[in-house]
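Just dropping this structure here.
The values are calculated or read from the model by the stated rules, or taken from the named source; none is laboratory data. A quick note: this is a predicted structure, and the numbers were derived from the prediction, not measured. Please note: Cβ atoms are built from the backbone with ideal geometry, for glycine as well, and neighbour counts cover all protein chains shown.
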Amino acid sequence: MPSRVPRMREVIIPVLDEAQAIPGVLARIPDGFRAIVVDNGSTDGSGRIAREHGAHVVHEPVKGFGAACFAGLTAATAEVVCFMDGDGSLDPRELVALSDEVAKGRADLVLGTRKPTARGVWPPHARLANRVLGLELRRRSGIRTTDLGPMRAARRTELLALGITDRRFGWPLEMVLRAAAAGWRVEERPVSYGPRDGGKSKVTGTVGGTAKAVRDMLKVLAEVDARVAREANG
């Protein structure tokens, strides 16, 4: 019997001062999706603007990308949930094909691999950091990934059961590590990646932001190594 495809899916969008971009992002949310915008302490009215444009808004006072993602995940109710940035660099219309892989039972976790649509949208320092983390991830989990991108899809209850603990930039990496340990089928699907709507990315836009994200992710990797060592020693 073919897998049942849920009628409603949800997309969790963490935001921090994305007032300029969020209206355009929400305008492109596909039919059958509910947008959950997690305001992670914005001072530019991002949460209010998102609510005015039809999103369900969650306020998460604890700063951190992972904290915002977890708040959105716990507020979600749909069987299939997605994550994506709210800066306008990703096209929400691609959520349909991405989440179909999960909804139709072809994968347990689908990662959107970014394909730049313009020059300069993915700086060299960010590409290099992504490559290093991908190699480290493969060495530890055996999963071959080309991008730890911000657009992804999975089943809500299974994601919660993974028990992801990181509340900073290590969240997406820990998700893949725990999924691999749980025997999940992890797949990739290309998604377009364009210029953000206003300002620089808080992560890839600066060397400092990228370094902070890499530091958080390396911490997650170190914790995984420590857990493996403890298990090996009984």
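Take the conditions surrounded by 13 or more Cβ atoms within 10 Å (Cβ to Cβ), in contact with a Pro (Cβ under 8 Å, 6 or more places away or on another chain) and in contact (Cβ under 8 Å) with a residue 12 or more places away in the chain and apply them to PRO123. Does it pass?
no
I'd like to verify a number: residues in the range 71-106 that are closer than 16 Å to LEU26 by Cβ and among the polar types (S, T, N, Q), how many?
Residues flagged as closer than 16 Å to LEU26 by Cβ and among the polar types (S, T, N, Q) within the range 71-106 amount to 1.
Let me ask you something else. For SER201, state whether it is surrounded by 13 or more Cβ atoms within 10 Å (Cβ to Cβ), within 21 Å of ALA21 (Cα to Cα), among the hydroxyl-bearing types (Ser, Thr, Tyr) and at pLDDT 70 or above.
Against the criterion (surrounded by 13 or more Cβ atoms within 10 Å (Cβ to Cβ), within 21 Å of ALA21 (Cα to Cα), among the hydroxyl-bearing types (Ser, Thr, Tyr) and at pLDDT 70 or above), SER201 does not qualify.
While we're looking at this one, here's another question. Between residues in the range 75-100 that are within 21 Å of THR157 (Cα to Cα) and residues that are of a type in the set (Ser, Thr, Tyr) and crowded, with 18+ Cβ neighbours inside 10 Å, which pairs lie under 6 Å by C-beta distance while being six or more apart or on different chains?
Here the result reads VAL80/SER99; CYS82/SER99, each pair linking the range 75-100 to a residue that is of a type in the set (Ser, Thr, Tyr) and crowded, with 18+ Cβ neighbours inside 10 Å.
Going by the structure shown, is PRO6 assigned to a loop (DSSP other than H, G, I, E, B), modelled with pLDDT of 95 or more, over 18 Å from the mean Cα position of the chain (by Cα) and closer than 23 Å to LEU159 by Cβ?
So PRO6 fails the test.
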